[in-house]
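The values are calculated or read from the model by the stated rules, or taken from the named source; none is laboratory data. In this text the structure is predicted, and so the values were computed from the model without any measurement. We place every Cβ from the backbone using ideal geometry, glycine too, and count neighbours over all the protein chains shown. To get the accessible areas, we keep the full protein, side chains included, count just its heavy atoms, and leave off ligands, DNA and RNA. Shrake-Rupley method; radii C 1.70, N 1.55, O 1.52, S 1.80 Å.
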Amino acid sequence: MSPEKDYHDKQAKLEAEKLEKKINALSEEEKTQIFEKADEIPVQYCAQPTNGVVYFRAVSSLNTLPEELKPYVPLFCNVITKMGCGALDYREQAQKIELKTGGMSVSPHIIPDDSHLDVYEQGVLFSSLCLDRNLPDMMHLWSEIFNNPRFEEEEHFRVLVKKTAQELSNGVPDCGHLYATIRASKNLTPSGELQEMFSGMDQVKLMKRIAEMSDIKPILRKLPRIKKYLLNSDNIRCSVNAAPQQISEASKELEKFIKSIGRSKKERKPVRPHVIEKSSEVKPMGSEMLTGLQITRKLVNDPTFKPCQMKTHFVLPFPVNYVGECIRTVPYTAADYASLRILAQLMTAKFLHREIREKGGAYGGGAKLSHSGIFTFYSYRDPNSLTTLKTFEKAVEWAKSGEFTQQDIDEAKLAVFAAVDAPIAPSDKGMGHFLYGISDEMKQSHREQLFAVNSDNLVDVSNKYLAAGKSTRGQAVLGPENADITKDPSWVKR
């Protein structure tokens, strides 16, 4: 079987015809209504006993940002609240943030889809909190950051860049296993590539390069360009968690903020043409009063993406190794996801801890399944590297043989449920829906699938996904020179 060459063109043509029919059937009044509605920004209000604190979050899409600016998004996020805004220079801004809020942060936001491995949302998350009496000041600070950020202070920018580069380099020994697993999963999904660019070793190296530049102006000039695509109301959604009596006041302040931020003068097309719109209805659940417009997330799909195997060795001046191996499996809503999640916990407790830590002498190691459907083996501060990768293989053989008792499975389920059913703080209620698009119904069906997992399911998924040659996998090692890895041509040395 071979796919139709012009399938996407045919689909696009059919969609265009369908859309034209629908538009022609609308009256002028309906068209005006739709146009006005399109201007509305979805806001999720969640009434919670927050003890006089208001929590604000917003997500702005990266879909229209040109590819050449993407690597600089983490740097932009890092400095945008520290460069000054409006009439405030960076010192005054820092004072005001300290005085009126519990902190304002901006970070990249990459969320894989819950039902398809090659689909993901890319954006930037803005979050802050304050006492309810300071809400007008906090929202005013955000609108100044969105509308009038300052990018003139070259010297201060250089200081921020050096600080960021230093913090990233210093963080590698503490988070080496995370850098190893991010690199190992880089070529397994389209969102993996972006994760590596934003928070992997690629980002550490880029920041080191920028910090060493004698002329930093070309980098500083990129920030206003990124601002143009990100800090506007084109593709943004907001959420507020506050006490029930604060909601109406909060909604007034939020409306003021939304009116104050501009739209783009011209319509910008997404850089990657395959955008999927996914809507989720807001349903009130229990005491969790959620109100607001329907939230539509614009996800990116890369139909040309092909996962591929890759082994990378980062030679670093450490006496120990950080090892990661990642395997592409299934998305969150798939039935096998629950079995793989229990299996990761079971392998960690009953096999990997013993083999990697107790016998191998590493500080730690284990297996986990990420929300993106990537099954990960890792070890932390490990005297071994290739031996540990062999241990990961043995762990799969152990799982395939089904050498575990019903009690082992029950214990693994309890450990997983400790995370699944952990109490959610009032500040984070409704965030599963707002950030990830996961409804309570989806959560409940995942819980039921976890409950139902049995020994046969665990052996089945071990054979189906984790056995050698079944799924695409990637490996990465951060650590000292290694003669065996150097001799093996399948490893890429960085």
Check off (1) open to solvent by less than 20 Å² (accessible area, probe 1.4 Å); (2) in contact (Cβ under 8 Å) with a residue 60 or more places away in the chain for Pro49 and give me the number that stays unchecked. (1)
Among the residues of the range 207-214, is there at least one that is open to solvent by 20 Å² or more (accessible area, probe 1.4 Å) and in contact with a Ser or Thr (Cβ under 7 Å, 6 or more places away or on another chain)? yes
Considering only the range 363-391, how many residues are open to solvent by less than 40 Å² (accessible area, probe 1.4 Å), assigned to a loop (DSSP other than H, G, I, E, B) and under 17 Å from Val477 (Cβ atoms)? 1
Can you find a residue that is free of Cβ contacts under 8 Å to residues at least 60 places away in the same chain and over 22 Å from Lys70 (Cβ atoms) anywhere in the range 165-173? yes
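Name every residue in the range 329-343 that is of a type in the set (A, V, I, L, M, F, W, C), in a helix (DSSP H, G or I) and closer than 15 Å to Lys443 by Cα, in order of residue number.
Restricting attention to the range 329-343, the residues satisfying the condition of being of a type in the set (A, V, I, L, M, F, W, C) are 330, 334-335, 338, 340, 342-343.
If we keep only those that are in a helix (DSSP H, G or I) too, we end up with 335, 338, 340, 342-343.
Within the range 329-343, Ala335, Ala338 meet the criteria.
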Taking the range 392-436 on its own, how many of its residues are open to solvent by 50 Å² or more (accessible area, probe 1.4 Å) and either part of a helix (DSSP H, G or I) or touching a helix residue (DSSP H, G or I) at 6+ places or on another chain (Cβ under 7 Å) (or both)? 14
Could you grab me the full set of residues in the range 437-481 that are surrounded by 18 or more Cβ atoms within 10 Å (Cβ to Cβ), over 28 Å from the mean Cα position of the chain (by Cα) and part of a loop (DSSP other than H, G, I, E, B)? none
Filtering the range 324-347 down to residues that are open to solvent by 30 Å² or more (accessible area, probe 1.4 Å) and of a type in the set (S, T, N, Q) yields Thr333, Gln345
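Give, as residue ranges, the strands (runs of 3 or more DSSP E) completely inside the range 51-148 that count at least 3 residues that are closer than 20 Å to Glu255 by Cα.
Details: elements: 53-61, 104-112, 119-131.
Hits in the range 51-148: 53-61, 119-131.
So which residues in the range 82-93 are out of contact with any Gly (no Cβ under 9 Å at 6 or more places or on another chain) and either open to solvent by 40 Å² or more (accessible area, probe 1.4 Å) or of a type in the set (S, T, N, Q) (or both), if there are any at all? Explain how you work it out, then say what you get.
Going residue by residue through the range 82-93, those that are out of contact with any Gly (no Cβ under 9 Å at 6 or more places or on another chain) are 82-89.
Passing the criteria: Lys82, Ala87, Leu88, Asp89.
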From the option list Ser115, Ser143, Ser127, single residue qualifying as more than 22 Å from the chain's Cα centre (by Cα) and among the small types (Gly, Ala, Ser) is Ser143
Filter the range 190-227 for residues that are part of a loop (DSSP other than H, G, I, E, B) and touching a helix residue (DSSP H, G or I) at 6+ places or on another chain (Cβ under 6 Å) and give the result. Gly200, Ile216
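Answer with yes or no whether Gln294 is open to solvent by 50 Å² or more (accessible area, probe 1.4 Å), modelled with pLDDT of 95 or more and under 23 Å from the mean Cα position of the chain (by Cα).
Values: open to solvent by 50 Å² or more (accessible area, probe 1.4 Å): yes; modelled with pLDDT of 95 or more: no; under 23 Å from the mean Cα position of the chain (by Cα): yes.
Criteria not met by Gln294.
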Could we say that Ser185 is of a type in the set (Gly, Ala, Ser), farther than 18 Å from Gly373 by Cα and either open to solvent by 50 Å² or more (accessible area, probe 1.4 Å) or modelled with pLDDT of 95 or more (or both) here? no
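For the range 291-329, name all the residues that are among the small types (Gly, Ala, Ser) and in contact with a helix residue (DSSP H, G or I) (Cβ under 7 Å, 6 or more places away or on another chain). Steps first, answer last, please.
If we filter the range 291-329 for residues that are among the small types (Gly, Ala, Ser), which is where we start, we get 292, 324.
Scanning the range 291-329 gives a single hit, Gly324.
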Can you name every residue in the range 164-189 that is more than 15 Å from Leu206 (Cβ to Cβ) and outside any loop (DSSP other than H, G, I, E, B)? Asn170, Gly176, His177, Leu178, Ala180, Thr181, Ala184
Return the total of residues in the range 115-161 being in contact with a helix residue (DSSP H, G or I) (Cβ under 6 Å, 6 or more places away or on another chain), closer than 28 Å to Ser185 by Cα and open to solvent by 10 Å² or more (accessible area, probe 1.4 Å). 1
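Give Leu69, Leu125, Leu99, Leu117 a once-over and let me know the one that is of a type in the set (A, V, I, L, M) and at pLDDT below 95.
Values: Leu69 fails: at pLDDT below 95; Leu125 fails: at pLDDT below 95; Leu99 fails: at pLDDT below 95.
When all the criteria are applied, what remains is Leu117.
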